[in-house]
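Each remark here refers to the structure printed beneath this line.
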Amino acid sequence: MGRLGTAVRHAGAVGILAILLVLALGLAASWNAAASLRSNQQARANAVMDRDTSLAEAAVRTEVHRYLDTLRTVAAAVGSHETLTFDDFATTTAPLRDAGLPGATSLVFVVAAEDSQLEQVQAYWRDRGVTGLDLTAKGSGREHLFVIFSRPLDGAPATLPGTDLSQSAEPTAALNESRRAGAPAVSDTYILLRDRSLPVAQQQRSFAIAAPVFGNPTPAGTKTFKGWVVFGLRGQDFVGGVLDAATQGKVDADLWAANGVGQDTRVAFLHRVPGTDLRREVAIPVGNRHWRLVLAADSGRLAGLSGPADTAPLAIGAGGTMLTLLVVAMLWALAGGRARAEARVVSATAGLREAERTARRQVALLNGILDRISDGVGVVDEHGTFLVHNPAAKAILGMDADATGMDSWQSHYGIFRPDGRTEFPTADLPLVRALDGESTDGIEMVIRNAGRPEGTLLSVSGRPLDVDGRRGAIAVFHDITEVREREGDLTAFAGIVAHDLKNPLTVIAAHAEMAHDALLSSSSALLGDGARDALVAGFRDAGAGGTLVAGSRDAGARDAVVAGLRDAGASVERVSAGVVRMRRLIDDLLAYTTARDAALKPRPLDLGGLVAEVVAERVNHLAVRPDIYVGPLPWVDADPAMLRQVLDNLIGNALKYVQPGRIPKVDVSASPAGPGWVRVEVADRGIGVPDADKPYVFESFHRAHTGQSYGGTGLGLAICRRVIDRHGGSITVVDNPGGGSRFSFTLPGAPVALEAPAELAQAYL
């Protein structure tokens, strides 16, 4: 009996230990599974929040840049008028009515006047179409800022001419900063003068965005300050118009702006999501200031759950705990009889089935979401094997079967760069970069295969992902083919409009030339043929011409005729010069449009022959030949017309931007730039590019030598960068040792490596 009792007690102890072990393992497994599910939900919500934040930030940045670009364009157009009238301003700003600028109230032209200048300024602008202008100074400042012209943009009445903006400190500070910096400036947030009569509940925090207006450069290279063009921007309308579509009602947004003393003020907000637990904040540069965009969201809604985010993990943890307790109870009840044990088994089995049904419902919910969203979603494991490819992804890619590994993605799906010809390197694919821990957004690529023979343009974003504790990646992609086609149609329309502007310019140029010839004929008839050369000089520099040969016996009458003809000739010369500048701007705009949107047609191209043609066109008509050296150049795979634009711009700049009196010197050479690529260099001995301008010299309308007597529209280098980018290369500028600049760009090499003829390796003198 003693041994039996000992055995029984030993068996009981072992049973208790087994029950405790089952209890510990069951609880650990249940809550580990709950924690893992909660972690995955939170990671999914964070990924969606990051994407929505990027979309919101991109939307605000894009709109802000569009406002600033529009303001710069209007300022340049207004400043190009020698004598600005009401009709000139109305014609220049007419396209803004349909520009779709959310939050914009009006665009006004503002001039500065001191107390002693009020009558003179008032009379000047009344003569130019503002007949009812009444300039009455407000406030105690010496300088006043008066509205002269106004273009309403929100359907409200136009701002009255003569309104004195200096009575409000915020726009006054912005206008002064814009004039000082020579660039657009943004004011502190304030209540617009036109809104202060509204009820407080309807007033919005707003901004004034100002850009200085300068006249055409004088012969000395200086520009005259004429005034400002100013946007009024209501913050709440701007945020609602920009972020409503970008966030799709899933994210709350607050826009903050710092005032002049560094104190943050909330300008506008969108609050539609209760119970937010995710928050993101991004800084957005706006002219001379920074705005702060704060986004908040509910992680449960972002993760695509039907209920609160904590329900599923809690249910799994509680269910697992219940099952564990049931199993423990079953083990404990074994000694209580078979019937009781069977009852416990039935109860436990019912709970297990319910838990299985719950898990299946969760899986069905996730699969239903993936099956119904329009964006393509792909998830891969660490080896590049696809774990998930939703129906939208397969439809967009045109393939029903998935590739077996990342090494086969290129051959299976047919992935190319946006030019449609260059294979997309596997290492640069968003999914591959995401497997390396790098997040990417908006990577554009073309998919062309048997299912998509016409090619589809995609925008792909990739994020790292934890798949069952292992490294993985997720990619979300969207078909943007139709979007790009619509953008192309709009750009083509803009190009047609710019092209049609050449017709009236041609008429103006013809009439100016006829007037010029008529004046010269009149001078010969009235004053004699000997006066013709002196009068021509007078046309170009009124008051500094040579002495006219006596052709009239009456000296007084002769001088009067000379003065009249000289003034008329100078005016005709200015008209002709304006036509040339306008035609150059239109040509550059058309070239920029072509470089950005025209179909790329690369083919094997003799780079040496193309450079020789460009050099000949540039120098054959010159009396003094520049020193140009062209080294041996290879064949490249490029679009001939677009590459000609690049070479013409770079060589033309090298010939133009030199010190007065110096003969330009240009060297064109080439060298290998890695497998399949060629680096082309254009070096000069000119005035160079200042270090402060190097990061911006390839941007549209940026000019590195503003205020100097060098012509140009600021589009040439922007065209170069656009063309090289579309060929898959890059373009840079550095200082040339010994003075000047060295521009270099890369191009794909032609399949046949041929060198230029030996006669091209010589100096063009």
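Just one of the numbered conditions (1) surrounded by fewer than 17 Cβ atoms within 10 Å (Cβ to Cβ); (2) basic (Lys, Arg); (3) not assigned by TED's automatic domain parsing to the domain that holds Asp154 is not true of Arg97: (3). For segment 341-390, filtered to residues that are among the basic types (Lys, Arg) and either surrounded by 15 or more Cβ atoms within 10 Å (Cβ to Cβ) or under 35 Å from the mean Cα position of the chain (by Cα) (or both), the residue that is modelled with the highest pLDDT is Arg372. Val147 meets the conditions (1) out of contact with any strand residue (DSSP E or B) (no Cβ under 9 Å at 6 or more places or on another chain); (2) under 28 Å from Leu233 (Cα atoms) in every case but one. The failed one is (1).
Considered as a group, the residues in segment 424-457 that are touching a helix residue (DSSP H, G or I) at 6+ places or on another chain (Cβ under 7 Å) and in contact (Cβ under 8 Å) with a residue 60 or more places away in the chain include one that is farthest from Ala392 (Cα to Cα), and that residue is Asp441.
Scanning segment 128-156 for residues that are at pLDDT below 85 and of a type in the set (Ser, Thr, Tyr) yields a total of 1. So, of the residues in segment 391-411 that are of a type outside the set (Asp, Glu) and under 23 Å from Asn40 (Cβ atoms), which turns out to be surrounded by the most Cβ atoms within 10 Å (Cβ to Cβ)? Restricting to residues being of a type outside the set (Asp, Glu) and under 23 Å from Asn40 (Cβ atoms), the top hit is Ala393. In summary, strands (runs of 3 or more DSSP E) completely within segment 160-265 and bearing 1 or more residues that are in contact (Cβ under 8 Å) with a residue 24 or more places away in the chain and of a type in the set (Asp, Glu) occur at 252-258. Among the residues of segment 64-94, those identified as surrounded by 20 or more Cβ atoms within 10 Å (Cβ to Cβ) and within 24 Å of Arg289 (Cα to Cα) are Val64, Tyr67, Thr70, Leu71, Val74, Ala75.
Taking the conditions (1) among the basic types (Lys, Arg); (2) at pLDDT 85 or above; (3) not in a helix (DSSP H, G or I) in turn, Arg721 satisfies each one other than (3). One residue alone among Asp69, Asp52 is of a type in the set (Asp, Glu) and within 26 Å of Arg180 (Cβ to Cβ), and that residue is Asp69.
The residue that is nearest to Ala174 (Cα to Cα), among those in segment 244-272 that are over 26 Å from the mean Cα position of the chain (by Cα) and among the small types (Gly, Ala, Ser), is Gly260. The condition of being at pLDDT 80 or above, assigned by TED's automatic domain parsing to the domain that holds Ala612 and buried (at least 16 other Cβ atoms within 10 Å of the Cβ) holds for Gly729. Checking each residue in segment 410-423 for being of a type in the set (Gly, Ala, Ser) and free of Cβ contacts under 8 Å to residues at least 24 places away in the same chain picks out only Ser411. Can you tell me which residue is farthest from Asp188 (Cα to Cα) among those in segment 204-226 that are buried (at least 24 other Cβ atoms within 10 Å of the Cβ) and over 23 Å from the mean Cα position of the chain (by Cα)? Among those that are buried (at least 24 other Cβ atoms within 10 Å of the Cβ) and over 23 Å from the mean Cα position of the chain (by Cα), it is Val213. Among all positions in segment 116-127, there is at least one residue which is modelled with pLDDT of 90 or more and in a loop (DSSP other than H, G, I, E, B).
State which residue is surrounded by the fewest Cβ atoms within 10 Å (Cβ to Cβ) when the search covers only segment 100-115 and only residues that are small (Gly, Ala, Ser) and in a strand (DSSP E or B). Out of the qualifying residues, it is Ala112. Among Leu633, Leu650, which is modelled with pLDDT of 90 or more and over 26 Å from Glu423 (Cα atoms)? Of Leu633, Leu650, the one residue that is modelled with pLDDT of 90 or more and over 26 Å from Glu423 (Cα atoms) is Leu650. The condition of being at pLDDT 85 or above, surrounded by fewer than 20 Cβ atoms within 10 Å (Cβ to Cβ) and either of a type in the set (Ser, Thr, Tyr) or more than 30 Å from Thr224 (Cα to Cα) (or both) does not hold for Pro664.
Which condition does Leu135 not pass, out of (1) among the hydrophobic types (A, V, I, L, M, F, W, C); (2) outside any loop (DSSP other than H, G, I, E, B); (3) surrounded by 15 or more Cβ atoms within 10 Å (Cβ to Cβ), if it passes all the others? Single failed check for Leu135: (2). Looking across segment 618-652, the residues that are more than 17 Å from Ser669 (Cβ to Cβ) and not hydrophobic (A, V, I, L, M, F, W, C) come down to Arg618, Asn620, His621, Arg625, Asp637, Asp639, Pro640, Arg644, Gln645, Asp648, Asn649, Gly652. Of the residues Ala595, Ala638, the single one that is under 30 Å from Glu485 (Cβ atoms), modelled with pLDDT under 75 and within 34 Å of the chain's Cα centre (by Cα) is Ala595.
The values are calculated or read from the model by the stated rules, or taken from the named source; none is laboratory data. Computed from a predicted model, the values in this text were never measured in an experiment. Cβ sites come from the backbone with ideal geometry, for glycine too, and all protein chains shown count toward neighbours.
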